1. Would you grab the residues whose amide H sits under 5 Å from the one on L113? Only those 5+ places off in sequence or on another chain, please, with H modelled 1.01 Å from N.
2. Taking the Cβ of T69 as the centre, find all other residues whose Cβ is under 12 Å away and add up their charges (Lys, Arg: +1; Asp, Glu: -1).
Amino acid sequence: MSNPRSELPARPAPVSRSVSRPGRRGTADFNKAKFASLAAFLEYVDPFLAAWPADVPVAAEVRNKVWMTAALGDCLRRHNAVWVLPDQAWMPSPLSVVERLDAVTGPFAYIRLLGDRAAVDALTPTLDHIVIDRTGQVAEDARTGRRVREQPLRGVRPGDGAATRGTDDVSGTI
């Protein structure tokens, strides 16, 4: 009896890159010393994304507020890479980015709800209850989802439903 898994084509090994901080997991590939400017970062990430398998979705999350620019969006769009918009204390809000730039760069939109972990940690040692009421910010993030829904997604065929998947579920709870 043959093993159907052995007949599948080999899949590329997963690639993960993250900012390295002392005592934390990650690699040193993406850090302030190596990428002192957006241009230096794009010089590295552009060929990285070009080499990424076209049939494997990829998303990029940049946590440098100065780099949230059309140049970053253009690079991601060239490679059909999703621009992750983090809802994080020191970053511009996802809605402000979507209002200012064409932030839909790939086949789906990604708004990452992170909040302000330092503020939460200052108020409680446990994460088993609501510490900060973020109702207003979550409502703004839902507005961001509705705004993104109005923009065409890259690499999506009309009528496949991906352009609206998920946004109605979020906005209906606000």
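Each reported figure results from applying straightforward, stated rules to the coordinates on display, with no laboratory input. Just so it is clear, the model here is predicted, and its values are computed rather than measured. With ideal geometry, Cβ positions are generated from the backbone for all residues, glycine too; neighbour counts draw on all protein chains shown.
1. For L113, whose amide H was placed from the backbone, the distant partners under 5 Å are D87.
2. 0
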